[in-house]
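Here is the structure we will look at.
The values are calculated or read from the model by the stated rules, or taken from the named source; none is laboratory data. Note that this is a predicted model, so its numbers are computed, not measured. In this analysis, Cβ positions are derived from the backbone assuming ideal geometry, glycine residues included, and neighbour counts consider all displayed protein chains. SASA here: full protein model, heavy atoms, side chains in, ligands and nucleic acids out. Shrake-Rupley method; radii C 1.70, N 1.55, O 1.52, S 1.80 Å.
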Amino acid sequence: MNETVEKINQLKKQKNAVILAHNYQLPEVQDIADYLGDSLDLSMRAKNTDADIIVFCGVHFMAETAYILSKKLVLLPDITSGCPLADMITKNDVLELKKKYPGVPIVGYINTSAEVKSEIDYCCTSANAVEIVSKIPSDKVIFVPDKYLGSFVKRKVKDKEIILWDGYCPTHLKILDEDIKKLKKKYPLAKVVVHPECNLAVQELADEVCGTSGMIKYVKNNPQVKTFIIGTEVGMCYRLKKLFPEQEFIPASELAVCPNMKKNTLGKILFSLEEEQPQVVVDEEILKKAYKCIERMYTLMGIQ
Ligand code: SF4
């Protein structure tokens, strides 16, 4: 075992820390994580952990969510790892939407800042967006910030008017329909699974459109399929290959690399455990309001 990994493991034990890592993290970071998952899985882990320190290997809004749910010491090894999609909507934008559409509930993807969460009504993830929107007791809702995930929800939830915000994930937009068409020619028996943050032409070509936890389920339920074309951040192929070594996972585009997700390295994780820095903290007033929108998501899902 390499020296950095050994030290990380020692400090983890000594300080009662847990490492939570998103499916898009670097392979070596995935390898040392206590729990890997999507935003929903990791938020549940943060909520229920009895560790004293959470080292969050993901991006800033995820670490904020972990803090909101746990109020533990939350470390983000590279504090500059943000999410351009989350940055596409601000608290002021939400306040403007409220003025423009008074009384219309606002659902925000978990990819939003704590400040934005403090002003919206419901939170959702790519794994539960359809369920959450369909259960909101209103025939009109505003969905922010991802217009592609919002459009995906719109197709599934036909009995509601859904107003979309013009946000998008630059990494997922690197995946083009031509990429999928080329790969389908090369691997005619492969199944195509793509994330709902992909553009609609890409979604149209897929056998399944789902978040990363949905991708794991889909592969598990299709053991007869040998090859999958995976339309999401490339880190997911590493995760899938580890879980299903007998099957093959081809990234829909090698260009779909989220630079922010790759900022957390083993060296930075070790430093953050040693120094207990950089910490992610949310102002108490914002936290209370943001907690409510996440709590409403759990309530609609029937989770306490
Ligand atoms: S992959 Fe896209 S949505 Fe996810 S963190 Fe990177 S920019 Fe944000």
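The table below lists the values:
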quantity	calculated
Cβ-based charge dipole, the chain, positive-most Cα from Val130, Cys258, Cys83	Val130
Total formal charge among the other residues, if their Cβ is under 13 angstrom from that of Asn199, Lys/Arg +1 and Asp/Glu -1	-4
Prolate/oblate/rounded label for the chain (Cα gyration tensor, a/c 1.5)	oblate
Calculated FRET value between Val5 and Leu255, using beta carbons and R₀ = 25 Å, to 0.05	0.25
Pairwise centroid distance, computed over Cα atoms, of the range 107-146 with the range 160-196, Å	22
Flagged links, alpha-carbon separation over 21 Å, of Lys98/Lys160; Lys268/Lys289; Lys91/Lys147	Lys268/Lys289
Tensor-based shape of the range 58-102 (alpha-carbon gyration tensor, a/c under 1.5 rounded, otherwise prolate or oblate)	oblate
Gained length - Asn221 relative to Asp207, 0.36 nm times residue gap less alpha-carbon distance	3.7 nm
Under 22 Å from Lys226, Cα to Cα: lysines that are on another chain or at least 8 residues apart	Lys181, Lys182, Lys184, Lys185, Lys186, Lys191, Lys217, Lys241, Lys242
Extension reserve of the Lys241-Lys98 stretch, reckoned as 0.36 nm per residue once the Cα distance is removed	47.1 nm
Evaluated over the range 33-112, the Cα radius of gyration and Dmax, each in Å	14.6, 44
For the range 2-142, fraction of C-alpha pairs farther apart than 26 Å, in %	30
The range 152-304: C-alpha gyration tensor shape, a/c 1.5 cut-off, then a/b vs b/c	oblate
Long-range HN-HN contacts of Met261 with modeled amide H, under 5 Å	none
Mean accessible surface per residue for the range 95-153, computed with a 1.4 Å probe while every protein chain stays in place, in Å²	33
Accessible carbon and sulfur surface of the range 162-238 relative to its total accessible area, %, 1.4 Å	56
